[in-house]
């Protein structure tokens, strides 16, 4: 017995929930980052690595804070850090302020990759500004910044 496939209902802002409206563009940006990084010679970076490189970056930060930023466990973050350390993007060193604690430091390759990430993201912003129009894009960023600073995201 065959089932007919119903046409999906049209997407409207009233029907879409905020989680999807934020998640889908963020995932598209992450895929773009990996694609462009790989094309630029950082072909050993994968999508999970983006959790380490996300703003404001890992340099000088403790692994536990990186895990909290990424919403992952300390064990999962340390596995990502170990991978990136093995690939030559960063190293973990003793925190000079607290001997037992560790901090993440970029290597030269890590700094170069992070600079490329920023370059890619600036390009994404230019494209989105062109697509939405400069005024609407600026409004979008202003609203997202307001949400960023809101207690709702803390």
Listing 103, 61 by rising number of other beta-carbon atoms within 10 angstrom, fewest first, gives 61, 103
Label-point separation in nm, residue 11 to residue 154, each point 7 Å along Cα→Cβ | 3.2
In whole angstrom, note down how far apart the Cα centers of the range 98-154 and the range 26-60 are.
-> 12
Rank these for me by crowding, 105, 62, 31, 100, going from fewest to most other beta carbons within 10 Å.
-> 100, 31, 105, 62
For residue 79 and residue 101, FRET efficiency with R0 = 25 Å and r from the beta-carbon atoms, rounded to 0.05?
-> 0.85
If you bin every alpha carbon distance in the chain into 10 Å steps from zero, what whole percent lands in each bin?
-> 9, 31, 30, 19, 8, 2, 0
Taking only Cα atoms, what is the 0 to 90° angle, nearest 10, from helix 134-148's long axis to the longest principal axis of the chain?
-> 60
With the 8 Å Cα cutoff and a minimum separation of six or more residues, the chain has a relative contact order in percent of 17
Can you work out the FRET efficiency for the pair residue 93 and residue 115, with r the C-beta to C-beta distance and R0 = 22 Å, to the nearest 0.05?
-> 0.55
Among 127, 85, 139, residue whose mean-square fluctuation peaks in a GNM of the chain (springs only between Cα atoms under 10 Å) | 139
In degrees from 0 to 90, rounded to the nearest 10, what is the angle of the helix 18-39 Cα long axis to the longest principal axis of the chain?
-> 60
Ranked on Cβ counts within 10 Å of their own Cβ, fewest leading, 90, 22 go 22, 90
Degrees, to the nearest 10: 74-86 long Cα axis against longest axis of the chain | 70
On each of the three principal axes the extent of the alpha-carbon atoms of the range 28-82, given in whole Å and largest first, is 31, 20, 19
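Quick note: the coordinates plus some simple rules give every number you see, no bench work behind them. This one's a predicted model, so the numbers in the text were calculated from it and none came from an experiment. No Cβ is skipped: glycine too gets one built from the backbone with ideal geometry, and neighbour counts run over all protein chains shown.
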